[in-house]
1. Can you list the helices (runs of 4 or more DSSP H) lying wholly within segment 84-135 that have 1 or more residues being out of contact with any Phe, Trp or Tyr (no Cβ under 7 Å at 6 or more places or on another chain), farther than 25 Å from F210 by Cα and open to solvent by less than 20 Å² (accessible area, probe 1.4 Å)?
2. Select from segment 46-83 the residues that are open to solvent by less than 10 Å² (accessible area, probe 1.4 Å), within 18 Å of E36 (Cβ to Cβ) and not aliphatic (A, V, I, L, M) and list them in ascending order.
3. Based on what the data block shows, is A184 open to solvent by less than 30 Å² (accessible area, probe 1.4 Å), under 22 Å from Q98 (Cβ atoms), of a type in the set (G, A, S) and touching a residue at least 60 places away in the same chain (Cβ under 8 Å)?
4. Taking V227 and the conditions (1) within 15 Å of the ligand (Cβ to nearest atom); (2) farther than 16 Å from R37 by Cα, which numbered condition does it fall short on, given that it satisfies the others?
5. Given the condition touching a Pro at 6+ places or on another chain (Cβ under 6 Å) and either of a type outside the set (S, T, Y) or not in a strand (DSSP E or B) (or both), answer yes or no: does some residue in segment 64-76 qualify?
6. Going by what's in this entry, would I177 be described as open to solvent by less than 10 Å² (accessible area, probe 1.4 Å), modelled with pLDDT under 90 and of a type outside the set (G, A, S)?
7. Tally the residues that are over 14 Å from L38 (Cβ atoms) and within 13 Å of the ligand (Cβ to nearest atom), restricting the search to segment 230-254.
8. Any idea which residue in segment 303-313 is farthest from the ligand (Cβ to nearest atom), counting only those that are more than 17 Å from V252 (Cα to Cα) and surrounded by 13 or more Cβ atoms within 10 Å (Cβ to Cβ)?
Amino acid sequence: MRGSLLNVKDLRVVFYTYRGVIKALNGVRLWLNEEERLAIVGETGCGKSVTALAIMRLIESPGEIKSGQVEFLGRDLLQLSEEEMEKIRGKHISMIFQEPVAALNPVFKVGFQVAEAIAHSQNISLKEAYDLVPEALTMVGLDWKRTIDLYAHELSGGMAQRVMIAMALAVKPKLLIADEPTSALDVTIQAQILELLDNLVKVGKNAVIFITHDLAVASEFCDKVAVMYAGNVVEVAISDEIFARPMHPYTVGLIDSIPLVGQRKELRGIPGIVPDLVDPPSGCRFHPRCKYVFEKCKVELPELVEASNDHFVACHLYSGGGSTWQP
Ligand code: SF4
């Protein structure tokens, strides 16, 4: 049986801006086992990337992690010193970013950057790590002789993302966080990169948090899907289950708004707009857009409860009759 790898509880993050305090994460709850793949989906601004950065402890000023727990292999990352956290990043948790060219260092050659990542993770010298660079670049389908001496600006988007994947996976992390890894690439390259990532993750047996706004890609690539809305996780279920039996009114709206291959259906958007998180709605943050809203929704934030077997939802429609889920 797969052991527990990550357990995020009540994670709260704010950003201090001239307009006021943005309450970006409002008590996020997530959990992940070893070798499991979890997709986090939701509209732009719902807190997907902020969640990833908070797990990595990479929230920078004017942002701040206000409270919560990020237990990774039983240790709360939020309680570690920066030095201890440095060892976790790059050794046990790696991240692939949305904009691969921007994420690479512009002044160092590809070979040096990959070697540095390997040296850091394996506690070996840079010279020893350099010997492993050809294998790392070949693994992601790059011609290492042509790539090793290039700078970031000399790479196409697809090549740069392959380099990022090589760096992220060469360190053999227990957890890989991929934040919209294909959104900056064109469609044909996107499919190649996803297939590559899929194969490498299978071989490496890494657990994955895959951040995307694309529910279809999420369900294909991942075992489990967590849907976020306005700073909260509102539903978590096995990928097939969430498509077959979505429970939260927001998830139902998301699924209704995407075209599915082979199905003729009328596409409907979700009425209303994503709330301003400087002054978010009280209670359930989805209530101004929800057609099922009732009085309790406006005053009380629903907790994530297990509404059916391994299917969790944060909505008062389900919590009324069921018992409150306790992790
Ligand atoms: Fe709608 Fe209420 Fe459920 Fe929120 S808690 S999604 S407002 S029914």
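1. 110-122, 126-130
2. Result: T51, F72.
3. Here the answer is no, as A184 does not meet what is asked.
4. (2)
5. no
6. Working: open to solvent by less than 10 Å² (accessible area, probe 1.4 Å): yes; modelled with pLDDT under 90: no; of a type outside the set (G, A, S): yes.
Considered against the rule, which asks whether it is open to solvent by less than 10 Å² (accessible area, probe 1.4 Å), modelled with pLDDT under 90 and of a type outside the set (G, A, S), I177 comes out as no.
7. To start, the set of residues in segment 230-254 that are over 14 Å from L38 (Cβ atoms) comprises 230-232, 234, 240, 243-254.
Subsequent filtering for residues that are within 13 Å of the ligand (Cβ to nearest atom) retains 230, 232, 234, 246-254.
Residues in segment 230-254 being over 14 Å from L38 (Cβ atoms) and within 13 Å of the ligand (Cβ to nearest atom): 12 in total.
8. Across segment 303-313, the extreme among qualifying residues is E306.
The values are calculated or read from the model by the stated rules, or taken from the named source; none is laboratory data. Given the structure is predicted, the values throughout are model-derived calculations rather than measurements. Don't worry about glycine lacking a Cβ; one is built from the backbone with ideal geometry, like all the others, and counts go over all protein chains shown. Just so you know, the surface numbers come from the protein's heavy atoms only, side chains and all, with ligands and any DNA or RNA stripped out. Shrake-Rupley method; radii C 1.70, N 1.55, O 1.52, S 1.80 Å.
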